[in-house]
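Every number in this text was worked out from the coordinates using simple rules, so none of it is lab data. From a predicted model like this one, the values you see are computed outputs, not experimental measurements. Here the Cβ is made from the backbone with ideal geometry for all residues, glycine too, and neighbour counts use every protein chain on show.
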Amino acid sequence: MSDDFPGWHGTTIIGVRKGGKVVIAGDGQVSLGQTVIKGTARKVRRLSPGGYEVIAGFAGSTADAFTLLERLEKKLEATPGQLARASVELAKDWRTDKYLQKLEAMLIVSDGKDLLVITGAGDVLEPEHDVTAIGSGGNFALAAGRALMDTDIDAEAIARRAMAIASDICVYTNGKLTVETLEA
């Protein structure tokens, strides 16, 4: 990614897997430089290629993320029920295709069982502690989420609390959340 890429300043996405559920939550703020352009964007989406449900959250350029989500849907249609395989195929294309290499975004995806981060560097990563986060406030949300995993609260409450903490710290993150849940 280029050093002048401003896209990371404008979102926080968290994924939490606990108690047979996976939750992906994202804030609604879109910023351009130091200006808030929109406060109610939906950066977490539900995909249903061939009836197979997947939730995905994205950080980075919106147009690039939508391109990647469309490609992921095609990969899922080609490999029904195999999120990890479809994600690896997307990451390979993203890393090797000259057009896709220019895309500047990251994805957190889940089918209720797997929880993965997909990057343009060709990575498909599964979080070690059942919590992952991306975007400008991602490290704040990740730290909060990991701290909350040992409590009795469920996956959605962890995601919501972690996002609240991130939005209190990161000026590029707000508290207007989109939250999607899938059962394992």
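Listing for the model above:
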read-out	value
Charge sum, other residues only, whose C-beta stays under 14 Å from Gly51's C-beta, Lys/Arg counted +1 and Asp/Glu -1	-3
Charge sum, other residues only, whose C-beta stays under 12 Å from Thr67's C-beta, Lys/Arg counted +1 and Asp/Glu -1	-3
Residues in the range 108-140 that a label on Lys92 would reach, taking backbone N under 15 Å of a point 7 Å out along Cα→Cβ	122-124
GNM flexibility winner over the chain from Gly39, Gly137, Gly57 (Cα, springs under 10 Å)	Gly39
Rg to Rh quotient for the chain, alpha carbon positions, Kirkwood Rh	0.95
Rg/Rg_ref, the range 86-182, where Rg_ref = 2.2 N^0.38 Å and atoms are Cα	1.17
Residue exposure sequence - Lys43, Lys21 - by fewest surrounding Cβ within 10 Å	Lys21, Lys43
For the range 42-120, average projected area of the Cα convex hull in nm²	4.4
Top of Ala41, Ala155, Ala133 by mean-square fluctuation, Gaussian network on the chain, Cα under 10 Å	Ala41
Relative packing of peptides 160-171, 88-99 - highest average C-beta neighbours within 10 Å first	160-171, 88-99
Value of Rg/Rh across the range 77-128 [Cα atoms, Kirkwood radius]	0.97
Relative contact order %, the range 33-157, counting alpha carbon pairs below 8 Å whose residues are six or more apart	20
Mean ellipticity per residue at 222 nm, deg cm²/dmol - from DSSP H runs of n ≥ 4 across the chain, formula -39500 (n - 2.57)	-10000 deg cm²/dmol
